[in-house]
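Worksheet for the structure shown next.
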Amino acid sequence: MTVILLRHGRSTSNTAHTLAGRSEGVDLDDRGREQAQALVDRIGELPIRAIVRSPLLRCERTVEPLAAALGLRPIVDERISEVDYGAWTGRKIGELVKEPLWSVVQQQPSAAVFPDGEGLAAVQARAVAAVRE
């Protein structure tokens, strides 16, 4: 079996330069919607049997055109949801780069645990378990 991992299209949080994390209501912007539609031409001819997505709106919107074209109903799996950034959620990236934890995230991600959030090692474990299943 082949697994294709897709990142969501460009979101309103991306263009606002904020860390969306699990914030609700973060949608795709116009460019992100174009990217989602382009998936149909890009991978729509592959023998795709299932689409599994995160529960986040931006992820739902990213796979909608492909799912419609293939006649598939996406499966929602919490385990592949975004990192819970805790107190970092919604903050500007420009502010976060000044935090001491930022260099840990960049240099040794497996050691990073976000304040009031989760650690990247835990994120990896849950996501890998979901993909293997």
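Any read-out appearing in this document is the output of simple, stated calculations on the displayed coordinates, not a laboratory observation. Bear in mind that the values here come from a model prediction, so they are computed numbers and not experimental data. Cβ atoms come from the backbone with ideal geometry, glycine included; neighbour counts cover every protein chain shown.
Overview of results
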quantity	calculated
Per-residue HN-Hα couplings for region 81-89 [Karplus 6.51, -1.76, 1.60; θ = phi - 60°; Hz; x = Gly/Pro]	6, 4, 4, 7, 7, x, 5, 7, 4
Amide proton proximity set for D29, modelled H, under 5 Å, gap of 5+	S11, T12
Placed amide H near G119: partners under 5 Å, 5+ positions off or other chain	F114
Virtual spin-label span in nm between R7 and R49, 7 Å along Cα→Cβ	2.9
Set of region 87-108 residues, backbone N closer than 13 Å to the point 7 Å along the Cα-Cβ line of A122	87
Computed over the chain: relative contact order in percent, which uses C-alpha pairs under 8 Å that are six or more apart	24
Nearest 10 degrees, 0 to 90: helix 57-70 Cα axis against the chain principal axis	20
Inter-centroid distance (Cα atoms) of region 116-133 relative to region 8-44, Å	22
Helix 30-43 vs. the chain, principal-axis angle (Cα, 0 to 90°, nearest 10)	50
Degrees separating the helix 120-132 axis from the principal Cα axis of the chain, which is the longest one	20
Calculated from backbone phi, Karplus (6.51, -1.76, 1.60) coupling profile of region 10-23 in Hz, x at Gly/Pro	4, 10, 5, 6, 4, 6, 8, 6, 10, 8, 5, x, 9, 4
Residue-averaged 222 nm ellipticity for the chain, from DSSP H runs of 4+ at -39500 (n - 2.57), nearest 500	-12500 deg cm²/dmol
Placed amide H near T18: partners under 5 Å, 5+ positions off or other chain	I93
